[in-house]
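Have a look at the structure below, then the notes.
The values are calculated or read from the model by the stated rules, or taken from the named source; none is laboratory data. Since we're looking at a predicted model, the values are computed, not measured. Every residue, glycine among them, receives a Cβ derived from its backbone with ideal geometry; neighbour counts consider all protein chains shown.
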Amino acid sequence: MVEENNVVLPGQMQFFWGDEDQPQADAVRDESSDDMADVKKLKKAAKAKTTKKRKKSASVKKKAQKPSATVKLATAVAKKQKKKASRKFVRPVPQESVTATKIAPPDELVADDVLSLQPVVSDIVVADDRESAVVVAEPGVVEAVQPTVKVKNRAPKTVVSDVEVSSMSNENSDVPAAGFADQVDCFNMKWGARFPKVGFGFWKVDKDKTAEVCRTAIEVGYRHLDCACDYGNEVEVGQGIASAISDGVCDREDLWVTSKLWNTYHAADHVRIACERSLEDLGLDYLDLYLIHFPIAQRFVPFEKSYPPGWLFDPDAKNPTIEEARVPVSETWQAMEELAKSGLVRNIGICNFGTSQIRDLLTYAHIRPAVLQVETHPYLTQEKLLRYCQQEKITYTAFSPLGAQSYFSLGMADPSEAVMEHPVVREVANATGKTVAQVLLRWGVQRGTAVIPKTSSKQRMIENINVFNFELSDAQMAAISALDQNRRFNDPGHFGEAAFNTFLPIYE
Ligand SMILES: NC(=O)c1ccc[n+]([C@@H]2O[C@H](COP(=O)([O-])OP(=O)(O)OC[C@H]3O[C@@H](n4cnc5c(N)ncnc54)[C@H](OP(=O)(O)O)[C@@H]3O)[C@@H](O)[C@H]2O)c1
């Protein structure tokens, strides 16, 4: 625990500066005795004692002031890190009890200081030079040091001495905006990070058009770009980002770029190289979010053999199949945590996990997942999963928010299953004067999920992001939610067998 000016580290004693000798000296002065020699002796002894005590007190003061809080913390970090080598797991601190404590002057501590410190934290210490921070997992256990925490935006002066762990629905918080948050509607994540409510998805965007699509999406106002190694177009997304930045449309800090770890890179040794490859392709030096794409570990495929490797281990084999690898999620998650600590990624999360998988992950995670991305639309409302994520302060992102649209061409949905054609949705669109897509996306954000629609059309891009100038009534929200059929279009339990000769259920 660290308090302003008065530093108290776990296990360290507190010092009292009061003059403990004073009562004794007074007692000497009040003494009435004829024996002046004795009185002198007594006074001399008392003076000597006082001087000795004062010297001791001064030396104690000196000791307490030196080394500085930062040095002591650094020492504590070094000691605990040594210990940490022999320790595998630390139970996460309950998020509800988490507060940030400061030693920086209160009016100099801003929310951005803790922007990237979303992990399990009980103390955040903004050190004197304001370029480093110490993250403590539990009293006395220093869990991680993030020496590169940058103070990116000094303008907002809101003190975050007690950082509230805000829920996703806490839309009106005073947490100051950072970068893109000035320009787009966002959900508050824990630790002050802000997550755009409407992002842009790059799955199935033609490679040839991706750079232009990306640039246009940024121009019309998208700030969250949802990418993945598996989409095969990260190089082109990177070109779009570079062109937008070089032409002054936005800065890197204005964007929230997500990428995903493909199934073939789940082993500890492969997580970092996969992330670095995505970063290289995107032309970035950090990701805002890195997600485990599926809770499925596949056999490793080297970059030279094929990239992105996709689902089949060897597409040229006589009977090609998906080949699984025996890698536990805990191993992958620990490697993801290392990426977060290294600064290559600012947040880590998961896709296509269910409540049991998340609950298990939370038992050993040092850094809790910031985001869950999962298929969600009116035919698959995921009420319990969404509620569980809200309870656990995991920001929820809905993929395929328009329902079956992406799956017709893949033979994974029947035309009769078009959510966009459902009479209830169309009726709400008529009643509100909005398009069906806007109604579906508004339903998504209004119930607390971020949405990441994909389109290659500029007109639709504009349409899809304009969902903040109207509201659906409770009755309209309820009518759309009542369409739930638990219909999942993107299900390895179906397409694994249909397209890749492998029965691969994960949700049942
Ligand atoms: N984590 C995962 O496992 C996972 C899985 C799937 C998807 N995702 C992410 O989620 C993103 C979105 O999901 P998605 O692409 O499956 O589905 P989606 O965004 O719900 O739907 C995209 C389809 O809807 C069409 N569309 C878009 N806007 C429209 C509008 N205003 N009116 C009519 N049609 C419209 C698009 O056609 P046009 O392009 O022709 O406009 C496209 O066919 C993906 O791009 C990807 O980034 C993640």
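A few notes on this one:
- Of the strands (runs of 3 or more DSSP E) entirely within region 196-299, those holding at least 2 residues that are buried (at least 24 other Cβ atoms within 10 Å of the Cβ) and in contact with a Leu (Cβ under 7 Å, 6 or more places away or on another chain) occupy 256-261, 289-292.
- The single residue among R272, R326, R299 that is touching a residue at least 40 places away in the same chain (Cβ under 8 Å), farther than 30 Å from E463 by Cα, more than 16 Å from the ligand (Cβ to nearest atom) and in the same structural domain as M461 (by TED's automatic domain parsing) turns out to be R272.
- Looking only at region 218-233, and only at residues there that are more than 8 Å from the ligand (Cβ to nearest atom) and either of a type in the set (D, E) or not assigned by TED's automatic domain parsing to the domain that holds E463 (or both), the one that is farthest from I350 (Cα to Cα): E219
- Residues located in region 398-426, provided they are charged (D, E, K, R) and touching a residue at least 40 places away in the same chain (Cβ under 8 Å): E417
- Residue match in region 252-261 (condition: more than 18 Å from the chain's Cα centre (by Cα) and assigned by TED's automatic domain parsing to the domain that holds I322): no
- Of all residues in region 212-235, those satisfying the criterion of being closer than 19 Å to G310 by Cβ and out of contact with any Lys or Arg (no Cβ under 6 Å at 6 or more places or on another chain) are D226, C227, C229, D230, Y231, G232, E234, V235.
- Residue check, A398 under 29 Å from A478 (Cβ atoms) and either touching a strand residue (DSSP E or B) at 6+ places or on another chain (Cβ under 6 Å) or aliphatic (A, V, I, L, M) (or both): yes
- Selected residue (criterion: farthest from F503 (Cα to Cα)) from residues of region 307-321 that are in contact with a strand residue (DSSP E or B) (Cβ under 9 Å, 6 or more places away or on another chain) and of a type in the set (F, W, Y): F313
- In this structure, N347 does satisfy being buried (at least 24 other Cβ atoms within 10 Å of the Cβ), out of contact with any Lys or Arg (no Cβ under 8 Å at 6 or more places or on another chain) and among the polar types (S, T, N, Q).
- Among the residues listed as E280, E304, the single one being without any contact (Cβ under 8 Å) to a residue 12 or more places away in the chain, of a type in the set (D, E, K, R) and closer than 21 Å to D254 by Cα: E280
- Enumeration of residues in region 351-384 that are aliphatic (A, V, I, L, M), closer than 18 Å to R488 by Cα and out of contact with any helix residue (DSSP H, G or I) (no Cβ under 6 Å at 6 or more places or on another chain): V374, L380
- Put simply, of A325, A335 the only residue that is among the aliphatic types (A, V, I, L, M) and farther than 21 Å from C227 by Cβ is A325.
- Pairs with Cβ under 6 Å, 6+ apart, first in region 447-468 and in contact (Cβ under 8 Å) with a residue 12 or more places away in the chain, second charged (D, E, K, R) and near the ligand (Cβ under 8 Å from one of its atoms): I452/D226
- Among the residues of region 461-500, the ones that are within 15 Å of the ligand (Cβ to nearest atom), in a helix (DSSP H, G or I) and among the charged types (D, E, K, R) come to 1 in all.
- Looking across region 419-435, the residues that are crowded, with 17+ Cβ neighbours inside 10 Å and within 22 Å of E383 (Cβ to Cβ) come down to V419, M420, H422, V425, V428.
- Index of the failed condition, I358 passing every other in (1) assigned to a helix (DSSP H, G or I); (2) crowded, with 20+ Cβ neighbours inside 10 Å; (3) within 11 Å of the ligand (Cβ to nearest atom): (3)
- Among the candidates P453, P492, residue that is surrounded by 20 or more Cβ atoms within 10 Å (Cβ to Cβ) and farther than 18 Å from L402 by Cβ: P492
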